[in-house]
Amino acid sequence: MTSANPASLRSWARGAVAAAGEAGESEPATIVAAVTAAAEHAIVRSRSRVDGRPLGGAGLADGWSAATPTAAGAGDAAPDLVAELPEPPRGWADPWLPGLVHEQAVAASQRSARGAWYTPEPVVRGLVALATSDASAPSSIHDPTCGGGAFLLAALDRLVELGLSPDEAMSRVSGGDTDPLAVTVSRWTLALWAAGHGLAVEPAAMPVVEVDALAGPPRMPVDESASPGTGAGPLIIGNPPFATPLRTGRLTPAAEAVRAANRELLGPYGDLAAIHLLAALHAVGTGATIALVLPQSVLGGRDTRGLRLHTDRVAPLQALWASREAVFDAGVRACAVVLTVGAERPAAVRLAAGPDVTTVRRCDPDPVGPDRWADQAARALGAPTLPADLVEVDAGAAEPAATGEAMARRRRRPAGRLGELVAATAGFRDEYYGLVAACREWDGEPGHEPNRLVTVGTVDPLDAGWGRVSCRLGGRQWQRPTVDVAALEAKVARWVAERLVPKVVLATQSRILEPAVDRRGVLIPATPLIAVDADQDDLDRVAAVLLAPPVVAWAWQRWFGTALSVDALKLAARQVPELPLPADAGAWDEAAAVVAAAETSPPDDRRVEVDRAASLMNGAYGAGGEVLEWWRSRHGRVGNGHRSG
């Protein structure tokens with residue numbers, strides 16, 4: 001079936017639910033029953049008889065109560081409601097309609113509480129194609145959190161495309177869900193697909209059960225004869241619920257039990273989807289493929305790092321999908337990984353991007369750091385190719401910098417890490433609220449203020465912006481904020497005193513790293529600004545490293561998925577010392593000189609100096625024009641727009 005615009009399908013589903021409400025019906029089960037009945041009757045019209053008997057009249061809608069007690073009585077009201085609903089974009093003979101309407105009929109608050117966000121059809125079809133081989137069909141396909149059955153529908157179509165008969169395809173798919181209404185919708189969805197392919201089946205006989213995939217023994221059949229990497233083994237695929245204790249509090253007892261039994265793999269704030277991934281790994285054997293949709297935070301988050309490293313050992317990454325666009329109503333940025341248990345690491349990882357899951361490239365799986373997934377997702381979304389010596393920076397100590405003639409003789413030296421030059425720290429909750437309470441607007445003579453409070457809203461590359469750019473802190477707007485140190489509690493006062501030294505302040509959560517040199521030691525960085533302490537003679541060199549296009553690309557790839565937006569970088573203070581140093585010390589020193597000179601440049605001209613320093617640092621790392629142009633496209637978008645905060 002040709003895919004309609006997913007936005008138009010979702011818009012139709014919203015309209016159908018609204019029309020049902022205007023007709024006095026708000027019960028999701030009844031609305032879905034009406035849609036299913038209409039779809040069934042349309043299929044009957046296109047196939048006059050199946051298996052020698054009519055499908056219309058006393059059909060699926062009348063069998064709703066038998067499918068699940070949750071929907072008892074829904075079928076009685078369904079036929080009268082059909083006439084009130086708008087015509088779907090692809091007509092009524094469409095097995096995707098019940099799942100779409102179910103998504104819109106269930107209150108958003110309920111879906112959010114469960115972390116259940118249904119996957120658009122183009123994404124579903126694209127991921128099924130990404131997870132399967134054209135050479136052989138999976139021995140079985142199971143969706144452990146099947147919702148409205150979208151992945152099962154796409155799996156059936158894919159199996160038929162690979163040469164299986166509809167009957168054989170039906171025998172290879174199965175699903176489960178904890179929501180009894182979702183189970184019913186999936187059964188109806190599969191029954192409609194079967195009817196459309198000439199099969200006479202009952203909804204209750206569909207291979208979808210009410211079950212918690214995180215509880216009890218594995219329910220995925222294992223084909224011991226399947227060779228890893230052939231695509232002929234079992235496939236677990238789906239979009240498990242997203243939920244993190246940071247936002248939703250406690251998880252279900254079953255999820256907590258899985259995490260408690262795997263503390264070395266899952267931290268306390270690991271997403272529920274990551275727990276489902278681990279459960280899937282435990283449920284299958286060698287040769288099985290796992291393809292699950294995940295929030296992008298799983299790719300680089302600290303609490304899922306153990307899981308990523310474990311998975312890389314037992315089920316290497318074969319393919320990955322990432323998207324800049326939010327494909328769910330929740331607005332969560334999603335990705336998907338395709339893993340094969342017991343397989344060899346592939347020569348190249350297949351990468352796909354966008355809401356249509358378009359294959360964009362095949363990449364060498366060597367990462368920029370110990371985690372592979374974040375790197376591959378960034379590459380899928382256009383990260384530039386980095387110099388080979390940045391693929392994995394030597395963790396050993398760097399050779400001391402030479403000076404004078406020795407520097408000229410030895411232009412290149414072994415690269416190290418920024419931690420050889422700096423220590424980095426950032427405030428937390430106590431510091432933030434302490435600064436808010438002690439913040440004062442300076443109304444005295446400029447240059448006589450005791451200190452300067454800066455936020456991410458004032459800092460741009462090589463420009464702290466204090467006094468020229470207003471900022472928002474603690475619900476108020478400030479133009480020249482200072483801190484009354486005497487009003488601080490002792491702990492926060494000590495922290496502030498330690499920050500009033502020459503340093504570099506670093507703003508993240510932007511498209512490039514944005515350092516500003518505090519040569520006088522007067523800036524107090526409000527959370528989440530990072531204070532990067534270094535010897536005063538090294539401040540300009542440190543700022544040059546933070547501006548370097550290869551460093552920005554390296555950091556985005558390494559910690560992809562942890563920022564608030566897809567293209568932003570979010571570094572924790574502990575990660576700043578991990579950044580790589582350049583090999584060309586001469587170019588590095590030239591860039592540091594440009595950084596120093598920029599301090600006296602008019603603010604409007606500073607962007608030119610920033611670009612010049614970045615260009616020199618690009619060469620210091622041995623990077624080409626691709627990396628520099630990638631950085632420039634991001635710097636241009638940062639533009640004159642300071643963040644609010």
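Matching residues to (1) modelled with pLDDT under 90; (2) surrounded by 13 or more Cβ atoms within 10 Å (Cβ to Cβ); (3) more than 16 Å from Arg499 (Cβ to Cβ):
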{"site": "Leu390", "(1), (2), (3)": "yes, yes, yes"}
{"site": "Ala415", "(1), (2), (3)": "yes, yes, yes"}
{"site": "Leu418", "(1), (2), (3)": "no, yes, yes"}
{"site": "Ala424", "(1), (2), (3)": "no, yes, no"}
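Give the number of residues within the range 270-316 that are part of a helix (DSSP H, G or I), open to solvent by 10 Å² or more (accessible area, probe 1.4 Å) and among the polar types (S, T, N, Q).
Looking only at that region, the number is 1.
Could you list, in sequence order, the residues of the range 220-249 that are open to solvent by 50 Å² or more (accessible area, probe 1.4 Å) and either in contact with a strand residue (DSSP E or B) (Cβ under 7 Å, 6 or more places away or on another chain) or modelled with pLDDT of 65 or more (or both)?
Filtering the range 220-249 down to residues open to solvent by 50 Å² or more (accessible area, probe 1.4 Å) leaves 221-222, 224-225, 227-230, 246-248.
Listed by number, the residues that qualify are Pro221, Val222, Pro228, Gly229.
Among the candidates Ala154, Ala129, Ala137, Ala169, which residue alone is open to solvent by 10 Å² or more (accessible area, probe 1.4 Å), assigned to a helix (DSSP H, G or I), modelled with pLDDT of 95 or more and out of contact with any Pro (no Cβ under 8 Å at 6 or more places or on another chain)? Quick ask: steps written out before the conclusion?
Working: Ala154 fails: open to solvent by 10 Å² or more (accessible area, probe 1.4 Å); Ala137 fails: assigned to a helix (DSSP H, G or I); Ala169 fails: open to solvent by 10 Å² or more (accessible area, probe 1.4 Å).
Sole residue among the options that is open to solvent by 10 Å² or more (accessible area, probe 1.4 Å), assigned to a helix (DSSP H, G or I), modelled with pLDDT of 95 or more and out of contact with any Pro (no Cβ under 8 Å at 6 or more places or on another chain): Ala129.
Determine whether the range 583-595 contains at least one residue that is touching a residue at least 24 places away in the same chain (Cβ under 8 Å), in a loop (DSSP other than H, G, I, E, B) and under 27 Å from Ala274 (Cβ atoms).
The answer is no, given that none of the residues of the range 583-595 is touching a residue at least 24 places away in the same chain (Cβ under 8 Å), in a loop (DSSP other than H, G, I, E, B) and under 27 Å from Ala274 (Cβ atoms).
Assuming Ala322 fulfils every condition listed in (1) aliphatic (A, V, I, L, M); (2) open to solvent by less than 40 Å² (accessible area, probe 1.4 Å); (3) over 30 Å from Gln104 (Cα atoms) apart from one, which condition is it?
It is condition (3) that Ala322 fails.
Can you confirm whether Ser470 is among the hydroxyl-bearing types (Ser, Thr, Tyr) and closer than 27 Å to Asp375 by Cα?
On the way: among the hydroxyl-bearing types (Ser, Thr, Tyr): yes; closer than 27 Å to Asp375 by Cα: no.
For Ser470, the condition - among the hydroxyl-bearing types (Ser, Thr, Tyr) and closer than 27 Å to Asp375 by Cα - is not met.
Which of the helices (runs of 4 or more DSSP H) found entirely inside the range 27-103 contain at least 2 residues meeting this: under 17 Å from His197 (Cβ atoms) and modelled with pLDDT of 80 or more? Before you say what the answer is, go through the steps one by one.
Working: elements: 28-46, 64-67, 74-82.
By residue number, 28-46.
Yes or no: the range 441-457 includes at least one residue that is open to solvent by 50 Å² or more (accessible area, probe 1.4 Å), more than 33 Å from the chain's Cα centre (by Cα) and more than 16 Å from Val522 (Cα to Cα).
Narrowing the range 441-457 to residues open to solvent by 50 Å² or more (accessible area, probe 1.4 Å): 441-443, 445-446, 448, 450, 452.
Applying the additional criterion that residues be more than 33 Å from the chain's Cα centre (by Cα) yields 441-443, 445-446, 448, 450, 452.
Still in the list and also more than 16 Å from Val522 (Cα to Cα): 443.
Within the range 441-457 (the criterion being open to solvent by 50 Å² or more (accessible area, probe 1.4 Å), more than 33 Å from the chain's Cα centre (by Cα) and more than 16 Å from Val522 (Cα to Cα)), the answer is yes, since at least one residue qualifies.
Against the definition (modelled with pLDDT of 95 or more, surrounded by fewer than 23 Cβ atoms within 10 Å (Cβ to Cβ) and in contact with a helix residue (DSSP H, G or I) (Cβ under 9 Å, 6 or more places away or on another chain)), how does Arg606 come out, yes or no? Let's see the steps before the verdict.
Numbers: modelled with pLDDT of 95 or more: no; surrounded by fewer than 23 Cβ atoms within 10 Å (Cβ to Cβ): yes; in contact with a helix residue (DSSP H, G or I) (Cβ under 9 Å, 6 or more places away or on another chain): yes.
No: the conditions fail for Arg606.
Looking at (1) at pLDDT 95 or above; (2) over 17 Å from Pro515 (Cα atoms); (3) touching a strand residue (DSSP E or B) at 6+ places or on another chain (Cβ under 6 Å), which is the one condition that is false for Ala583?
Unmet for Ala583, out of (1) at pLDDT 95 or above; (2) over 17 Å from Pro515 (Cα atoms); (3) touching a strand residue (DSSP E or B) at 6+ places or on another chain (Cβ under 6 Å): (1).
Quick one: how many residues across the range 140-151 are open to solvent by 20 Å² or more (accessible area, probe 1.4 Å) and either of a type in the set (A, V, I, L, M) or under 23 Å from the mean Cα position of the chain (by Cα) (or both)?
Of all residues in the range 140-151, those open to solvent by 20 Å² or more (accessible area, probe 1.4 Å) come to 142, 144-145, 150.
After this cut, where a residue has to be either of a type in the set (A, V, I, L, M) or under 23 Å from the mean Cα position of the chain (by Cα) (or both) as well, the list is 144-145, 150.
Qualifying residue count, the range 140-151: 3.
What number of residues within the range 180-202 satisfy the criterion of being out of contact with any helix residue (DSSP H, G or I) (no Cβ under 6 Å at 6 or more places or on another chain), open to solvent by 30 Å² or more (accessible area, probe 1.4 Å) and within 12 Å of Gly148 (Cα to Cα)?
Total meeting the criteria: 0.
Taking into account only those residues within the range 372-386 that are in a helix (DSSP H, G or I) and not hydrophobic (A, V, I, L, M, F, W, C), which is modelled with the lowest pLDDT? It would help to see each step written out before you state the result.
The first filter runs over the range 372-386 and keeps only residues in a helix (DSSP H, G or I), leaving 373-380.
Now restrict to residues that are not hydrophobic (A, V, I, L, M, F, W, C): 375-376, 379.
Working: Asp375: 88, Gln376: 91, Arg379: 91.
By that ranking, first place goes to Asp375.
The values are calculated or read from the model by the stated rules, or taken from the named source; none is laboratory data. Here the structure is a predicted model, which means the values were calculated and not measured. All Cβ positions, even for glycine, are placed from backbone atoms using ideal geometry, and neighbour counts span all protein chains on display. Only protein heavy atoms, including side chains, enter the accessible area calculation; ligands, DNA and RNA are left aside. Shrake-Rupley method; radii C 1.70, N 1.55, O 1.52, S 1.80 Å.
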